[in-house]
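Accompanying notes for the structure given below.
The values are calculated or read from the model by the stated rules, or taken from the named source; none is laboratory data. The model shown is predicted, which means the values in this text are computed figures rather than measured ones. Every residue, glycine as well, gets a Cβ built from its backbone with ideal geometry; the counts of neighbours run over all protein chains shown. Keep in mind that these areas ignore ligands, DNA and RNA; they rest on the heavy atoms of the full protein, side chains included. Shrake-Rupley method; radii C 1.70, N 1.55, O 1.52, S 1.80 Å.
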Amino acid sequence: MNHPQMAFQRLYHFISRDFGLDDLRQRRLKIATIEDLNDPFELRGMALTDAHKRWAIASWRRDISRQIGLLCFSKSWRNPVQWSHYAQKHAGLCLGFDVDEQYLMPVRYRSAVLPDLVSQAAGQQEPGEGAVRQLLTTKYSHWRYEQEVRMFLDLQTEPRDGALSFHPFGEDMRLVEVVVGAQSTVTRSELAAALGDGANGVSTFKARLAFRSFKIVRQRRESLWL
């Protein structure tokens, strides 16, 4: 029997220096929880005028946040704002992965909240499956610069380390690039040690600020990365 060929998308995960090196050593990414995300409108992006319904949705949001976590990726590593916000002000790393597309959900950006998606059926105070999908992938349009794509994971089945959950590198999420921030002190030898046996097939390079645009580009002068 012929199995369908998997399709992969190249995506990037911004991270601080120390957490990034540790994740490379452990070959894993920390899974974010919905309540820990920096956008307070996560799973609240719809118009609710009824107070009882708002209370019910708040309770539902707490429950689902204990069940579902996510990995946040960007389509590009070149945005300086991403480096400033999520990679320790350009002192961190950006990890590039080829991710199996069947597990991905792109974020959709809107200038206005969604309409009330909660069913009007008697006693129904939670959004249905289609509505949940919309809520999980809807953000305010000012977040558009992130070009975000999400991978949702079941927190009950992912490996745990203390109070945190992690998703291991693997066939569904292959590490293929490591970009060292323009202001990062991570050296070649330090990065090589963190990658260890996982360095094979992984492209590594230093970033710099572009000379003629507001972009982050590759540092071509190899001697400037010790």
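Per Stokes-Einstein, at 37 °C and 0.692 mPa s, what whole-number D in µm² s⁻¹ belongs to region 79-185, with the Kirkwood radius over Cα pairs as the hydrodynamic radius? D, rounded to a whole number, is 195 µm²/s. The Cα trace of region 7-112 gives Rg and Dmax of 16.3, 49 Å, the first to one decimal, the second as a whole number.
Here the gap between His85 and Gln102, fully extended at 0.36 nm per residue and compared with their Cα-Cα distance, gives a gain of 3.3 nm. Quickly work out the Arg110-to-Lys75 label distance, labels modelled 7 Å from Cα along the C-beta direction, and quote it in nm with one decimal. Inter-label distance under the simple model: 2.0 nm. Taking the DSSP beta bridges with both ends in the chain, the antiparallel portion is around 85 percent.
With all protein chains kept in place, the per residue accessible area of the chain amounts to 57 square angstrom at a probe of 1.4 angstrom. For region 66-103, the residues whose backbone nitrogen is under 19 Å from a point 7 Å from the Cα of Thr157, taken along Cα to Cβ, are 66-72, 99-103.
Spatially close Lys pairs in the chain, defined by Cα atoms under 15 Å apart and a spacing of eight or more places or different chains, total 4.
Extending 7 Å from Cα along the Cβ direction at Arg218 and again at Arg61 yields two label points whose distance is 4.2 nm. The order of the peptides 55-63, 211-219, 72-80 by mean Cβ neighbours within 10 Å, most packed first, is 72-80, 55-63, 211-219. Based on alpha-carbon centroids, what's the gap between region 174-214 and region 59-98 in Å, whole number please? Region 174-214 and region 59-98 have Cα centres spaced 18 Å from each other. Would you mind telling me the share, in percent, of accessible area of region 176-226 contributed by carbon and sulfur at probe 1.4 angstrom? Roughly 53 percent, rounded to a whole number. Spin-label model, Val202 to Glu171: label points 7 Å out along the Cα-to-beta-carbon direction sit 2.1 nm apart. Note on the chain: Rg/Rh from C-alpha atoms, Kirkwood Rh, equals 1.02. Taking only the C-alpha atoms of region 159-226, Rg followed by Dmax gives 15.0, 46 Å.
Between Arg10 and Arg25, what is 0.36 nm times their sequence separation minus the Cα-Cα distance? Round to one decimal in nm.
Full-extension gain reported as 3.3 nm.
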